[in-house]
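The values are calculated or read from the model by the stated rules, or taken from the named source; none is laboratory data. Computed from a predicted model, the values in this text were never measured in an experiment. Note that each Cβ is placed from the backbone with ideal geometry, even for glycine, and that neighbours are counted across all protein chains shown.
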Amino acid sequence: MNFLTTELGAMLVVIFIGFLPNEVWRVLGVLFGRRIDPASAWMQWVQAVATALLAAVVARLLLVPSGALVALPLWLRVGAVGSGIAGFLIVRRSVLAGVLVAEAVLVAGAWWLGVSP
Amino acid sequence: MNALPDSHPLDTARPARWFLRGMRGAVSTPGVVLVATFIGFGGLLHDLGFPILAGLLSTLLVWALPAQVILVGGLAAGASLPALAVAVCLSGVRLLPMVVSLMPLMRGPRPRLLSELVCAHFVAVTMWAEGFRLLPKVAPEGRPSYAAGLGFGLTVLSMAGTAIGFYLTGALPGPLAVALLLLTPISFAILLVRNARRPVDWLAIGLGTSISPLVANSPGGLDLFWAGVGGGTLAFLIARVLPGRRA
């Protein structure tokens, strides 16, 4: 379609828009790690922004999905993730249990609805 | 497995051996869960029409799934590149305290900047948790090599997962293909709940989630920016004025 969807264009985007802005924090952690106070108000704000951003990513993937997930009704997408979180909390805070519960609910629901993207 | 002779403790062959042991440490339950989420990422790449080699490069270089999902999802949604760079950068903030807290365990007795940067590159949530579990059992002089081996092992497994997911989506029947795509949001959601301890964390999760659909089609592809910075700042301010905290 355009340059960004070619391998070379996408690789350049990965390096300059993905790798460098993300790696900055790891390098800063090495260089100034001993001098940064994780409990400072500045770091707390930055952590809150990172958490809200990740929550927004999840919400966008579920509420305004692209591709094959569109074929599923909203209640099933949200219900699967909700039951995954419940599974995680109930089964000794096991990430694996949460993922399996969510996937089981989703596959059962999709199969029952006869989804074929 | 033990092709290297067991000679002097400070032999030059030792770092390679610690590295291999670290790679072997990557094969564990958290490693399997990580690979599963990268299979989901590979499925997402395929679904969004993102080229596979660039996708594999993102797993190797970015090595932080939220940043990778923001990047490929944003490109597919037509976000502007500067807005994407800002969103990726903001999502990476959580890596800093992880690096700071894990570095004393990875540094070894004779710190070298280059080896510290290499070890820090591999720090992401799984590496962080596994590092705290495994590194204390490793002799201090072997820790930098062991940490690099562990990180490299997790990266190689995740790149394999990315490729498997990419080529598997097309071949899977409908319900299983969508199951693959749900792996990313479900693992992020569980990660958020697992890491949430203080009121500010729950506020940030709630506000980020609820602001996201409201700004879904904001101009310039800035929706993640508004949901992240707006929701995070609100959560931070509300948590500050919440009653019941120590004065």
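Inspect all residues belonging to the stretch B:178-197 and state whether any of them is closer than 25 Å to B:Ala120 by Cβ, more than 7 Å from every other protein chain (Cβ to nearest Cβ), assigned to a helix (DSSP H, G or I) and not hydrophobic (A, V, I, L, M, F, W, C). Yes: one or more hits. Here B:Ala54, B:Ala79, B:Ala85 are screened, and the one residue that is within 18 Å of A:Ala59 (Cβ to Cβ) and assigned by TED's automatic domain parsing to the domain that holds B:Gly153 is B:Ala79.
Just one of the numbered conditions (1) farther than 11 Å from B:Pro185 by Cβ; (2) crowded, with 18+ Cβ neighbours inside 10 Å; (3) at pLDDT below 90 is not true of A:Arg60: (1). One residue stands out among those in the stretch A:27-42 that are surrounded by 14 or more Cβ atoms within 10 Å (Cβ to Cβ) and modelled with pLDDT of 80 or more: the one that is farthest from the chain's Cα centre (by Cα), which is A:Leu31. Within the stretch B:87-98, is even one residue at pLDDT 90 or above, surrounded by 17 or more Cβ atoms within 10 Å (Cβ to Cβ) and among the charged types (D, E, K, R)? Checked the stretch B:87-98: no residue is at pLDDT 90 or above, surrounded by 17 or more Cβ atoms within 10 Å (Cβ to Cβ) and among the charged types (D, E, K, R).
In the stretch A:84-117, what count of residues is obtained for those that are among the aromatic types (Phe, Trp, Tyr) and under 17 Å from the mean Cα position of the chain (by Cα)? Talk me through it step by step, then tell me what you get.
Step one: of the stretch A:84-117, the residues among the aromatic types (Phe, Trp, Tyr) are A:88, A:111-112.
Pick out the ones that are also under 17 Å from the mean Cα position of the chain (by Cα) and you get A:88.
So the count comes out to 1.
Between B:Pro144, B:Pro109, which is touching an Asp or Glu at 6+ places or on another chain (Cβ under 9 Å) and either surrounded by fewer than 23 Cβ atoms within 10 Å (Cβ to Cβ) or part of a loop (DSSP other than H, G, I, E, B) (or both)? Show your work before the answer.
On the way: B:Pro144 fails: either surrounded by fewer than 23 Cβ atoms within 10 Å (Cβ to Cβ) or part of a loop (DSSP other than H, G, I, E, B) (or both).
Answer to the selection: B:Pro109.
Scanning the stretch B:51-69 for residues that are buried (at least 24 other Cβ atoms within 10 Å of the Cβ) and over 14 Å from the mean Cα position of the chain (by Cα), we see that the one that is farthest from the other protein chains (Cβ to nearest Cβ) is B:Gly55.
Do we have any residue at all in the stretch B:214-225 that's modelled with pLDDT of 90 or more and of a type in the set (Asp, Glu)?
Step one: filter the stretch B:214-225 for residues modelled with pLDDT of 90 or more, giving none.
No, the stretch B:214-225 contains no residue that is modelled with pLDDT of 90 or more and of a type in the set (Asp, Glu).
Would you check if B:Thr37 is modelled with pLDDT under 85 and among the hydroxyl-bearing types (Ser, Thr, Tyr)? Answer is no for this residue.
Of the residues that make up the stretch A:80-94, is at least one surrounded by fewer than 18 Cβ atoms within 10 Å (Cβ to Cβ) and within 8 Å of chain B (Cβ to nearest Cβ)? Yes. Residues in the stretch B:148-170 that are within 13 Å of chain A (Cβ to nearest Cβ) and small (Gly, Ala, Ser) were compared, and the one that is farthest from the chain's Cα centre (by Cα) is B:Gly170.
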